[in-house]
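Just below is one structure, and these are the notes that go with it.
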Amino acid sequence: MTFNRTLSSFTAMAVCVMAPAHAQGEFDLPTLIESARQEATITVYAPTGKIVQQAEDFTEKYGVSAVGVKAKAAQTIEIVSRGARANNVQADVVLIEDAPGATELLLNSQYVSSWVPEDMTDDIISEYQNPLAVILAPNVWAYNTAEYDSCPITNIWQLTEGEWRNKITLQDPAIKPLYIDWFNQMATHHDQAMAEAFHAFSGEPLDTDEASATAEFVKRLAQNGPLMTPSDSEAADAIGTVDAGGSFVGLISTAAFRDNNNGLALGICHDMQPFIGVSYPTFGLMTTQTRSPNAAKLFLYYLMTEEGIKLQSMDGKMSTNTAFALPTEEASGIEQFRDQLMMYRTDTAGSDWENRQDWLDLWSLNYSR
């Protein structure tokens, strides 16, 4: 199968309908706290186990009861959808790292809504306010700092060369939809940059029968036999194990860099063209049927503060609130390279959703070991 859908149709499909936010007025934090204390315990679902501690810290700080539950995006979407249809709310606040899934299955169905703290609107990146993205999670190209003085990859098209056949690793795109969405985002918004990067690498314009430079890159990368792993940690081990010899380069979450404290030697391929990786949003949403709307709002407020998000910021996950930076003790050092990341655009999440299968087919049909 050849991926031949024209990119001109992507933009036309880009508009996604957002559910209306809860009523907003003049913001008063003490009043919100007092109102939240009168409401029932809230349950918060998130893709990280750190949400358990965050909920406990929130409860201690505000005297508002919250319980954190770790759940993957697909599970959270199912819980919210079933609860809404049965009028049996099981979640009050959800953090979902699948932007297309959340948009198409929850926001467009008005099972959830977005709320932004009014006193933070000047600091939260405007593109991530509707719906609210709490954090941006970087996935970066990485190398072994014990084997190389600097990253051996300076241009993304090097990854398609024979020199790197079977020496690239990343989590299986069939397991991690982020990577499929990344393909579509590059094709939709940055295809010219991909074509220019090829020209800079080869000295010649790209000649392809595919619909885009990005599609050609995806095909060639798959044909180069990357090691696909079931988890980030396994990809990180393949890249950063010291004294392994002939280590891999690969795409991993900045959270994996914590293992540099446990013997790995991971470094970011900074200054790589056209991007060093992709920054993917995690939406923070409240269910429209929550019986504790003020407590739900307060929890979202807490997550948008430096104190509230710090446990996740330690993994390199960047708050969309620009009033503060990542903690200095964050392991990867991504803060100094954040402007080299491809930023995910939520306004075309609908296109990512619609084209997932096409991109996965392109990858799967060309994958070769």
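Read-outs throughout are calculated quantities, based only on the coordinates presented, and are distinct from any laboratory measurement. Here the structure is a predicted model, which means the values were calculated and not measured. In this analysis, Cβ positions are derived from the backbone assuming ideal geometry, glycine residues included, and neighbour counts consider all displayed protein chains.
If you place +1 on the Cβ of every Lys and Arg, -1 on the Cβ of every Asp and Glu, and leave all else neutral, what size is the dipole of the chain about its Cα centre, to the nearest 20 Debye? Walk me through the numbers on the way to the answer.
Details: 22 positive and 48 negative charges, 215 e Å.
In total the dipole reaches around 1040 debye.
Note down the nm distance, to one decimal, between modelled labels 7 Å out along Cα→Cβ at N166 and at H199.
If labels sit at N166 and H199, their model points lie 3.6 nm apart.
For segment 275-369, just list the percent of Cα-Cα distances falling in each 10 Å bin from zero outward, please.
In order of increasing distance, the bins hold 13, 30, 31, 21, 5, 0 percent.
Taking other Cβ within 10 Å of each residue's Cβ, how do L136, L298 sort, fewest first?
Ranked by crowding around the Cβ, least crowded first: L136, L298.
Over segment 37-99, with a single point scatterer placed on each C-alpha, what log10 of the ratio I(q)/I(0) does the Debye formula yield at q = 0.15, 0.23, 0.29 1/Å?
-0.46, -0.93, -1.17
Would you kindly state how much longer the chain becomes between Q357 and A174 on full extension, computed as 0.36 nm times their sequence separation minus their alpha carbon distance, in nm to one decimal?
Length gained, Q357 through A174: 64.9 nm.
Using all Cα-Cα distances in segment 181-309, what percent lands in each 5 angstrom bin from 0 up to the longest?
2, 8, 12, 15, 14, 13, 12, 10, 7, 4, 2, 0, 0
What full-extension length gain, to one decimal in nm, is calculated for Q129 and T328 as 0.36 nm per residue of separation minus the Cα-Cα distance?
Using 0.36 nm per residue and subtracting the Cα-Cα distance, I get 69.0 nm.
Please compute P(r) over all alpha-carbon pairs of the chain, binned at 10 Å starting from zero, and give each bin as a whole-number percent.
P(r) for the chain, in whole percents per bin: 5, 24, 32, 24, 12, 3, 0.
Based on the Cβ-Cβ distance from V242 to N155, what FRET efficiency comes out when R0 is 22 Å, to the nearest 0.05?
0.25
When the Kirkwood hydrodynamic radius is evaluated over all pairs of different C-alpha atoms of segment 245-317, what value in angstrom, to one decimal, is obtained? Could you put the intermediate results ahead of the total?
On the way: mean 1/r = 0.0644 Å⁻¹.
Answer for segment 245-317: a Kirkwood hydrodynamic radius of 15.5 Å.
I'm a student and want to see the number: the projected area of the Cα convex hull of segment 90-170, averaged over all directions, in nm².
Average projection, Cα convex hull of segment 90-170: 9.6 nm².
So how much slack lies between D28 and V67, counting 0.36 nm per residue of separation and subtracting their Cα-Cα distance, in nm?
On the way: separation 39, 0.36 × 39 = 14.04 nm, distance 2.43 nm.
Contour length minus the Cα-Cα distance gives 11.6 nm.
Only Cα pairs under 8 Å and at least 6 apart count here; give the relative contact order of the chain as a rounded whole percent. Don't jump to the answer; show the numbers that get you there.
Values: 752 pairs, mean separation 106.4, N = 369.
The normalised contact order for the chain reaches 29 percent.
With everything on Cα atoms, drop me the angle between helix 50-62 and the longest principal axis of the chain, reported from 0 to 90° to the nearest 10.
Roughly 30 degrees between the two axes.
First measure r as the distance between the Cβ atoms of R369 and S231, then evaluate 1/(1 + (r/R0)^6) with R0 = 22 Å and state the FRET efficiency to the nearest 0.05.
Working: r = 19 Å, r/R0 = 0.87.
Here the calculated transfer efficiency is 0.70.
Once every DSSP H run of n ≥ 4 in the chain is given -39500 (n - 2.57) and the sum is divided by its residues, what mean residue ellipticity at 222 nm do you get, rounded to the nearest 500 deg cm²/dmol? Please list the in-between numbers first.
Working: 12 runs with 126 residues, N = 369.
The helix-only estimate for the chain comes to -10000 deg cm²/dmol at 222 nm.
Arranged by the count of other C-beta atoms within 10 angstrom, fewest first, what order do D28, D352, D92 take? Mind dumping the intermediate values first?
Values: D28 12, D352 30, D92 24.
Ordered from fewest to most neighbouring Cβ atoms within 10 Å, D28, D352, D92 come out as D28, D92, D352.
What is the antiparallel percent of DSSP beta bridges lying wholly in the chain, to the nearest 5?
For the chain, the DSSP antiparallel bridge percentage is about 60.
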